[in-house]
1. Under the condition of being over 16 Å from the mean Cα position of the chain (by Cα) and assigned to a loop (DSSP other than H, G, I, E, B), which residue from region 149-190 is surrounded by the most Cβ atoms within 10 Å (Cβ to Cβ)?
2. Check 298, 293, 217, 232 and return the single one that is open to solvent by less than 20 Å² (accessible area, probe 1.4 Å), of a type in the set (A, V, I, L, M), at pLDDT 85 or above and not in a strand (DSSP E or B).
3. Checking residue 93 against (1) among the β-branched types (Val, Ile, Thr); (2) crowded, with 24+ Cβ neighbours inside 10 Å; (3) at pLDDT below 90, only one condition comes out false. Which one?
4. Hey, can you tell me all the residues within region 130-148 that are open to solvent by less than 50 Å² (accessible area, probe 1.4 Å) and in contact with a Lys or Arg (Cβ under 8 Å, 6 or more places away or on another chain)?
5. Mind checking which residues of region 191-202 are more than 30 Å from residue 133 (Cα to Cα), assigned to a helix (DSSP H, G or I) and in contact (Cβ under 8 Å) with a residue 12 or more places away in the chain?
Amino acid sequence: MRGVANTPMSQLRLTPLSRVIVAVTLLFVLSMYLSSGSHSSRFTSLGSPVCRVGNPKTGPLLCSHRGYHQPWTDPESNTLDSPVAGSGLLDSIRWLHRRMGISCFDLDLVVTFDGHIIVAHPDELSRMLNVVNDPSSMTYIQIKSKAKPGATSPPLLSELLDVLYELRIEQTTLEPKGSAQHPRNIRRIYEALSPESSDKRTFLRTRTFVVVMPEVALSFIPLDAQEPVQLAVPAKHSQSGPGFPQWYCEEPPLPINDPLQGYKMIMPSRDVMLECDKKDWKGKYLIGSWLPASESEALDIAARSTSVTTDFPAAVAPHCRGGST
């Protein structure tokens, strides 16, 4: 009797039960692939579509500003301690990712007096504390102890990065504020983006952008030429001097000039994009526009953006899962 091992492949026949087992196995493998990082530009870690502006397949990523998801009808309710019904920032990120498919976040970094990097905007951090001190003059323990009743302490950068990696978040921009831009704190940020795990390090280096001005960017560029941290530059009217709106409007934009070769993203405000409505740099840079307050405003700039950041993702992209509730 000839064994199966000696039977040519062309003569093997699968029983109906074997065919079912093979089909189930293939479906399982396919579902794991779709939810993995290799396919994350279209699917969240749960295997559901990533939330995008306009076209759900090809539109720019929808990004939540500071973890907010409030409707446009209630703009004053956005506070650091209650982005999602009293929960903290990390819970907000999880909620937005699972409920709306949002896989892009724009966040700020502050460094405490004792060198801890926390994820918060200085203005919001001041509002959540029972003191008016500059947050950078307080230790992390002091900040946690001075939080107002019911407020949730801001997370450490390391805690945020763990969640981004856990959920395979597609894109995150991190903007150091105040003393966080000092070269010694830039190195701390760099080290946080350099975990021992090579898989996690590659993930963070390819999905995370640090938003810095040129003089700060020069502190990042020499740190690791082989696997550099990706940088983004803002372009907005609220600040003066060369290289704000000009970095988006001029031709070519300034960041491509030496020695600023580290920039991968330009972040123009909606006003700057509308002023320079003929410019389209998507072929050379990622364009992270911000902050439209409605779907129509977002659609005005979507065609020239690779991501759109807003305080009101449910209003800007009501078609996303849960966005209308």
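The values are calculated or read from the model by the stated rules, or taken from the named source; none is laboratory data. Just so it is clear, the model here is predicted, and its values are computed rather than measured. Neighbour counts run over all protein chains shown; Cβ positions are idealised from the backbone, glycine included. Surface accessibility is based on the protein's heavy atoms, side chains included, excluding ligands, DNA and RNA. Shrake-Rupley method; radii C 1.70, N 1.55, O 1.52, S 1.80 Å.
1. Of everything passing the filter in region 149-190, 154 is surrounded by the most Cβ atoms within 10 Å (Cβ to Cβ).
2. Every option except 298 fails the conditions.
3. Only one criterion in (1) among the β-branched types (Val, Ile, Thr); (2) crowded, with 24+ Cβ neighbours inside 10 Å; (3) at pLDDT below 90 is unmet by residue 93, namely (3).
4. Answer for region 130-148, where residues must be open to solvent by less than 50 Å² (accessible area, probe 1.4 Å) and in contact with a Lys or Arg (Cβ under 8 Å, 6 or more places away or on another chain): 131, 138.
5. Selection gives 200, 201, 202.
One line per residue, one yes/no per condition, for (1) basic (Lys, Arg); (2) closer than 18 Å to residue 62 by Cβ; (3) touching a residue at least 24 places away in the same chain (Cβ under 8 Å):
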site	(1), (2), (3)
94	yes, yes, yes
103	no, yes, yes
112	no, no, yes
121	no, no, yes
139	no, no, yes
155	no, no, yes
160	no, no, yes
171	no, yes, yes
185	no, no, yes
